[in-house]
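The values are calculated or read from the model by the stated rules, or taken from the named source; none is laboratory data. Just so you know, these numbers come straight off a predicted model, no measurement behind them. Here the Cβ positions follow ideal geometry from the backbone for every residue, glycine too, while neighbour counts run over all protein chains shown.
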Amino acid sequence: MSPCTRVRAHSSAAVVLAVTALAATGCGGTGSAASGDDKVVTVYSADGLKGETGNGWYDEQFEAFERKTGIKVKYVEGGSGEMVQRTDREKNNTQADVLVTLPPFIQQADSKGLLARYVPEGAAHIPEDQRPANGHWTPLVNNYFGFIHNTEKLPKPPTTWEDLLDAKYKDKLQYSTPGVAGDGTALVIKAVHDFGGRKAAMDYLGRLQKNNVGPSSSTSKLAPKVEKGELLVANGDVQMNYAQAETMPNLGIWFPAARKGKAPTTFALPYSAGLVKGAPHSGNAKKLLDFLLGERPQREVSSIGGGFTVREDIEATDDKAKELARLMKGVEVFRPDWDEVATHLDSYVSDWQHATGS
């Protein structure tokens, strides 16, 4: 199966487009024993794992967790950067118990001192080189950066970055905002890799801007536009878009190559979770992290969530896992230096803003 083959996925999950922000109870973020006894845990998360109709991986696992423990999950969703910024603003009155973001934002949150050490049960089954030595966060669901296209109006997706400069994509192309959305930041990282350096990547993104509709704080909001044909192409990620494709059958997933004759490329973009420092319900947060890395939830990452388990001792064999494997066949996977990206994230975003006039 070609890596550019369109995908008509059959995942039972779909991304939520909007979630009302739920404030935690008035515990003051002290992490006191009294507040820890409350039957609640608040999760701040990047979008992609919660279903639009209540049937996503988060929906299934949060419900199962509540049945098992009696602890209710309060959920707040936004872009990865947005969730880190919110957690940082609240650090003197902490509201979140668990923070889930894409890289490099989980590394950024750690560098800001927002995360506490906790190694969940099951983490030992995640390859050691994919976990930080300080134990401040843990990969939760594996994922890969990608693009989507409208399979009806654009049956054959572009094959290279250069193809996207064609005039037919003017006002028909959009990508989420780097520095705000995890997938938007990922687009810059992939461009830097594929073009062989930051300057060449920024020169290209500057040229691409003539076709770009404009900023979007959330990547998940782009898929409905592609589905309707308002956009022909947008950025995304495999897990989220695969899940969305169940209710959006005109979505196809593809990966651009650096240039003609080269293999398409991507990189792992795992949802990663950390215990928030000073979490008002830290005990409940630890229980939730243990649960989500358990064997059953991880086995259901593909069958329910359209993603990839992070545990190397689990081999998913369901039909969706097989289809995801076919989708990734022939795609070259590289590994960014996330510590370098997190350290210099502001300069990456600044260079992008300068190049595009954003």
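Give me a count of the residues in the range 61-90 that are assigned to a loop (DSSP other than H, G, I, E, B), closer than 23 Å to Arg296 by Cβ and either modelled with pLDDT under 95 or among the hydroxyl-bearing types (Ser, Thr, Tyr) (or both).
Number of matching residues: 0.
Looking only at the range 150-161, decide whether some residue is at pLDDT 95 or above, of a type in the set (Lys, Arg) and under 18 Å from Thr265 (Cα atoms).
There is at least one residue in the range 150-161 that is at pLDDT 95 or above, of a type in the set (Lys, Arg) and under 18 Å from Thr265 (Cα atoms).
Going through Ala279, Ala321 one at a time, which residue ends up being touching a helix residue (DSSP H, G or I) at 6+ places or on another chain (Cβ under 8 Å) and assigned to a loop (DSSP other than H, G, I, E, B)?
Only one candidate passes the filter, namely Ala279.
Being more than 13 Å from Leu99 (Cα to Cα), of a type outside the set (Lys, Arg) and more than 19 Å from the chain's Cα centre (by Cα) is the filter here; which residues of the range 249-279 pass it?
Passing the criteria: Pro249, Asn250, Ala257, Ala258, Gly261, Ala263, Pro264.
Scan the range 159-171 residue by residue and report those that are in contact with a strand residue (DSSP E or B) (Cβ under 7 Å, 6 or more places away or on another chain) and not in a strand (DSSP E or B).
Within the range 159-171, Thr159, Leu164, Tyr169 meet the criteria.
Considering only the range 101-112, I want to know if a residue exists there that is more than 23 Å from Gly305 (Cα to Cα), part of a helix (DSSP H, G or I), touching a residue at least 40 places away in the same chain (Cβ under 8 Å) and of a type in the set (A, V, I, L, M, F, W, C).
Yes, because at least one residue in the range 101-112 is more than 23 Å from Gly305 (Cα to Cα), part of a helix (DSSP H, G or I), touching a residue at least 40 places away in the same chain (Cβ under 8 Å) and of a type in the set (A, V, I, L, M, F, W, C).
Residue-by-condition table, conditions (1) surrounded by 20 or more Cβ atoms within 10 Å (Cβ to Cβ); (2) within 22 Å of Thr266 (Cβ to Cβ); (3) touching a helix residue (DSSP H, G or I) at 6+ places or on another chain (Cβ under 9 Å):
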residue	(1), (2), (3)
Arg198	no, yes, yes
Ala201	yes, yes, yes
Tyr204	no, yes, yes
Pro215	no, no, yes
Ser220	yes, yes, yes
Pro224	no, no, yes
Ala234	yes, yes, yes
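What is the number of the single condition among (1) surrounded by 24 or more Cβ atoms within 10 Å (Cβ to Cβ); (2) modelled with pLDDT of 95 or more; (3) in a loop (DSSP other than H, G, I, E, B) that Tyr58 does not meet?
Here Tyr58 clears every test but (3).
Restricting to the range 338-356, give me the number of residues that are surrounded by fewer than 18 Cβ atoms within 10 Å (Cβ to Cβ), modelled with pLDDT of 95 or more and either under 18 Å from the mean Cα position of the chain (by Cα) or small (Gly, Ala, Ser) (or both).
Total satisfying the criteria: 2.
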